[in-house]
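The values are calculated or read from the model by the stated rules, or taken from the named source; none is laboratory data. Model, not experiment: these values are computed from the prediction. Ideal geometry is used to build each Cβ from the backbone, glycine not excepted, and the neighbour counts take in all protein chains shown.
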Amino acid sequence: MSTKNNERPDIRTLEAFTAVVSCGSMTGAAQMLQISQPAVTRMIRVLENQVGFNLFERNGPKISPTDKGMLFFEESRRVIANLTHLTNRAHAIRDGRIAAIDIVATPTMSAGLVASILARVKNVLPDFVHVETTSAERVVHALRQRTADLGFSAFPLEHERLECLERFESTLVALVQEGGPHDIPEPLSLTVFAKERLATVGNSYRIRHAINRSLDDQGVTPAYEFVTNSSINAAMAARAGLGIGICDPVTAYGVPISGVSIRPIAKPIPYSWGLFAADAKILGDQLNLVTEAFAIESKEIIRKVEGLPVCWKSS
């Protein structure tokens, strides 16, 4: 497939493509967009000629995205979202209003902190608040590209050309099944994982790196593991008795799960998180208030960790 046609995809064509991927068929996309099915088919063919590769694998009436098609789908969604944000900002400029707040956050920060932070400043928020949950690497990219105002992430984070507005440090905590055999009044020793399943996130450069280092220091190799990309999944595994979770305090206290006891770890494992911006000088009063709210919520989490009883029940 050639790329001799150098025309750029238009927004309507990208919307048709993302609708086909989301709906799983040309017919479903046509119904969603309220246009004809042949029109959708035609736009997809034009788009494939423009990008120079097949977006879908076709087997009669059935279609499925190719690997390249799925990668292009993620990029297309971001382009559509950015254009939507641009339109909203243009309308705000026209009307003399604060345009919007665009926030990017890792899953932990998004689930455990962002909503409670915004609730503290809800009376001064602009009409449009956009929060994207993504990886730490994407947080950095969005801030550098100025497609987001604020970013929330755990450390380590490559923050060259970014300003860290606030940084806080605490420790990881253990999550055990309430009433289970490990719900007892002593701090959890990592030696327990010589026999028990470890439930935690799998990013080797973040939480897992610190956990592995602590395990190595004590000469412990986990007998079994439950590895996930979300701390909430690790907490749910602990609740079900599938294993013992090691979790960040932001998730443990920001998303409390009934049936789980939060316990200190005998040898503390440090965990730090922060709030970032590409240029704090351009932040208005509303965003500065978000920064203050972040500090309040983060200090509350640290207070809970430092005052953690030997055994604390999640609400």
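Details
- Being aliphatic (A, V, I, L, M) and closer than 23 Å to residue 116 by Cβ is a property that residue 192 lacks.
- When residue 278 is tested against (1) surrounded by 14 or more Cβ atoms within 10 Å (Cβ to Cβ); (2) not assigned by TED's automatic domain parsing to the domain that holds residue 124, exactly one condition is not met: (2).
- Scanning region 134-145 for residues that are closer than 16 Å to residue 80 by Cα and in contact (Cβ under 8 Å) with a residue 12 or more places away in the chain yields a single hit, 142.
- Of all residues in region 137-162 being in a loop (DSSP other than H, G, I, E, B) and either under 23 Å from residue 301 (Cα atoms) or in contact with a Ser or Thr (Cβ under 6 Å, 6 or more places away or on another chain) (or both), the one that is modelled with the lowest pLDDT: 157
- Residue list for region 94-123, filter: surrounded by fewer than 21 Cβ atoms within 10 Å (Cβ to Cβ), among the β-branched types (Val, Ile, Thr) and at pLDDT below 85: 98
- Wholly within region 1-92, helices (runs of 4 or more DSSP H) carrying at least 1 residues that are among the β-branched types (Val, Ile, Thr) and within 20 Å of residue 132 (Cβ to Cβ): 11-23
- Residues within region 237-268 that are β-branched (Val, Ile, Thr) and either assigned by TED's automatic domain parsing to the domain that holds residue 116 or under 13 Å from residue 304 (Cα atoms) (or both), tallied: 3
- Scanning region 208-243 for residues that are assigned to a loop (DSSP other than H, G, I, E, B) and under 23 Å from the mean Cα position of the chain (by Cα) yields a total of 2.
- In the set (1) of a type in the set (Gly, Ala, Ser); (2) out of contact with any strand residue (DSSP E or B) (no Cβ under 7 Å at 6 or more places or on another chain); (3) closer than 24 Å to residue 133 by Cα, residue 194 fails one condition alone, (3).
- Total residues in region 163-196, condition surrounded by fewer than 20 Cβ atoms within 10 Å (Cβ to Cβ), assigned to a loop (DSSP other than H, G, I, E, B) and not charged (D, E, K, R): 8
- Test: residue 296 is at negative phi and surrounded by 20 or more Cβ atoms within 10 Å (Cβ to Cβ): no
- Residue within region 259-272 that is more than 17 Å from residue 186 (Cα to Cα), in a loop (DSSP other than H, G, I, E, B) and at pLDDT 95 or above present: yes
- When region 50-93 is limited to residues that are closer than 25 Å to residue 25 by Cβ and of a type in the set (Val, Ile, Thr), the one that is modelled with the lowest pLDDT turns out to be 84.
- Region 134-158 - residue that is among the polar types (S, T, N, Q) and surrounded by fewer than 17 Cβ atoms within 10 Å (Cβ to Cβ) and, of those, farthest from residue 112 (Cα to Cα): 145
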